[in-house]
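First up is the structure itself, then whatever we jot down about it.
The values are calculated or read from the model by the stated rules, or taken from the named source; none is laboratory data. Since the structure is predicted, the reported quantities are computational estimates derived from the model, not experimental observations. Here the Cβ is made from the backbone with ideal geometry for all residues, glycine too, and neighbour counts use every protein chain on show. Surface accessibility is based on the protein's heavy atoms, side chains included, excluding ligands, DNA and RNA. Shrake-Rupley method; radii C 1.70, N 1.55, O 1.52, S 1.80 Å.
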Amino acid sequence: MANAAPEYRLDPSSLNNIFVRVHGGKMSPISEFVTLKEVVGSASVDHFNLFQSITCGVMTASGYSEGDAYKAIAEVFKETMPNGYGYEYGGMSREVEEASGSNATTLIYKICVILIYLILASLYNSWLTPWAVLLSVPFGLMGSFGAIWHVSHRWI
């Protein structure tokens, strides 16, 4: 890492004033080892899944859902981008997009309800008693939310 005072690094040609110690203790100008060439480019190149990428932040306008935004992105990308380019979502949008294509959440809930029912059936030694326990939870929640809603709207 070469360092120099600001007055010695005002332009690219000042890099030719850098000397490097070589074999025998002598100092040689760096121009003997490297050639300076001015190149215009970005300071950094972002990658996503091993591909060069750009990051776009998207916010939905009021009145539109994330699903509407996903459809708009797909349409605009299909119309404007050439073949060979693709896009992927990152962060929470990636999780939502991956989950939207599958019914994994619904399947997990169903399996959980079945397992809870079987555990309760073995606990109570009955096939009917677990239904009372399983149905009491949603009805209890509806009753408590209904009471809170009634009280909050009564005082307004």
Can you name every residue in region 113-139 that is within 37 Å of the chain's Cα centre (by Cα) and open to solvent by less than 50 Å² (accessible area, probe 1.4 Å)? 117, 134
Considering residues that are open to solvent by 70 Å² or more (accessible area, probe 1.4 Å) and part of a loop (DSSP other than H, G, I, E, B), the number found within region 13-23 is 1
Just the residues that are of a type outside the set (Ser, Thr, Tyr) and either exposed (fewer than 11 other Cβ atoms within 10 Å of the Cβ) or part of a loop (DSSP other than H, G, I, E, B) (or both), please, taken from region 96-110. 101, 103, 104, 107, 108
Checking residue 95 against (1) under 14 Å from the mean Cα position of the chain (by Cα); (2) on the phi > 0 side of the Ramachandran plot, the condition it does not meet: (2)
From the list 76, 113, pick out the single residue that is in a helix (DSSP H, G or I), within 30 Å of residue 57 (Cα to Cα) and of a type in the set (Val, Ile, Thr). 76
In region 84-95, anything exposed (fewer than 11 other Cβ atoms within 10 Å of the Cβ) and over 16 Å from residue 52 (Cα atoms) is listed as 91, 92
Does region 1-12 contain any residue that is among the hydroxyl-bearing types (Ser, Thr, Tyr) and either exposed (fewer than 10 other Cβ atoms within 10 Å of the Cβ) or touching a Leu at 6+ places or on another chain (Cβ under 8 Å) (or both)? no
Residue 88 meets each of (1) in a helix (DSSP H, G or I); (2) among the acidic types (Asp, Glu); (3) touching a residue at least 40 places away in the same chain (Cβ under 8 Å) with one exception, condition (1)
Quick check on region 36-52: of everything there that is part of a loop (DSSP other than H, G, I, E, B) and at pLDDT 85 or above, which residue is farthest from residue 86 (Cα to Cα)? 40
